[in-house]
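The values are calculated or read from the model by the stated rules, or taken from the named source; none is laboratory data. Bear in mind the structure is a predicted one, so any value in this text is a computation, not a measurement. Note that we place each Cβ from the backbone using ideal geometry, even for glycine, and neighbour counts take in every protein chain shown. What goes into the accessible areas is simple: the full protein's heavy atoms, side chains included, and nothing from ligands, DNA or RNA. Shrake-Rupley method; radii C 1.70, N 1.55, O 1.52, S 1.80 Å.
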Amino acid sequence: MKLIKNIVFLSCFAVLLAACQNADTTSNTKNKDLDTILSDVSDKYAVLSVGSDSKNVKVEVEDTEDANKVKADIKHQLEENGLNAYKVNVNERNVKQVEKENRWLDIESKALAHLQENKEYKDVTYKKTDVKLKQPVTVAFVTPITKSDDGAQEYSEKIKGEVNTFLQTKDIKKQSKGDSYKIVIYDQDNQIIS
């Protein structure tokens with residue numbers, strides 16, 4: 001009889017302890033902040049980028065994900081945690097497109113650094129261009145001169161030659177994966193020199 005009382009007591013105690021732990025877990029999931037929710041979403045889906053401000057949540061996912069499903073999941077978690085004020089925008093991105101953009105961003109920054117090692121080109125800057133998956137990449141630089149300056153065309157051609165030589169190096173050719181490109185040089189007024 002004493003053994004049965006002890007078993008019942010221990011069983012009740014175990015159930016009570018389990019219920020307390022379960023209640024704690026439930027209350028923690030209902031108090032997630034935005035960063036935690038977005039981190040959870042990034043762990044659950046193939047997320048490429050996440051951004052937010054006081055009113056908006058912007059998520060980019062691989063095109064292998066269903067953007068509507070991801071959006072619904074985010075909205076559900078926001079509502080569940082009392083964060084209803086956010087507008088959620090989820091876009092699918094082509095993975096190959098993103099890879100090409102990132103690859104060329106790195107190549108272009110290396111090309112600029114290479115150019116600026118030469119004092120003659122230290123004031124040349126990089127101009128961001130759109131990288132399209134099935135089109136040649138436009139590698140664009142801005143010079144500190146104007147198109148009408150004497151020697152502007154020659155200066156532009158020297159920059160083009162220097163950049164092209166750099167892009168033809170073994171490491172850069174490997175990194176570019178055979179993507180075609182064109183080099184465009186702008187003047188300080190955003191006019192194309194060559």
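Remarks
- Pairs beyond 29 Å (Cα-Cα), from Lys100/Lys158; Lys119/Lys147; Lys132/Lys173; Lys44/Lys182: Lys44/Lys182
- With every protein chain in place, the range 37-177: carbon and sulfur % of accessible area (1.4 Å): 46
- Each Cα pair under 8 Å and six or more residues apart adds its sequence gap; the mean of these over the residue count of the range 74-194 is a relative contact order of 25 percent.
- Cross-link reach is defined here as a Cα-Cα straight distance under 13 Å, omitting same-chain residues fewer than 8 places apart; for Lys128 the aspartates and glutamates meeting it are Glu101, Asp106, Glu108.
- Across the options Pro144, Tyr155, Ala113, the greatest Cα extent toward the positive end of the charge dipole of the range 92-163 (unit charges at beta carbon of Lys, Arg, Asp, Glu) belongs to Ala113.
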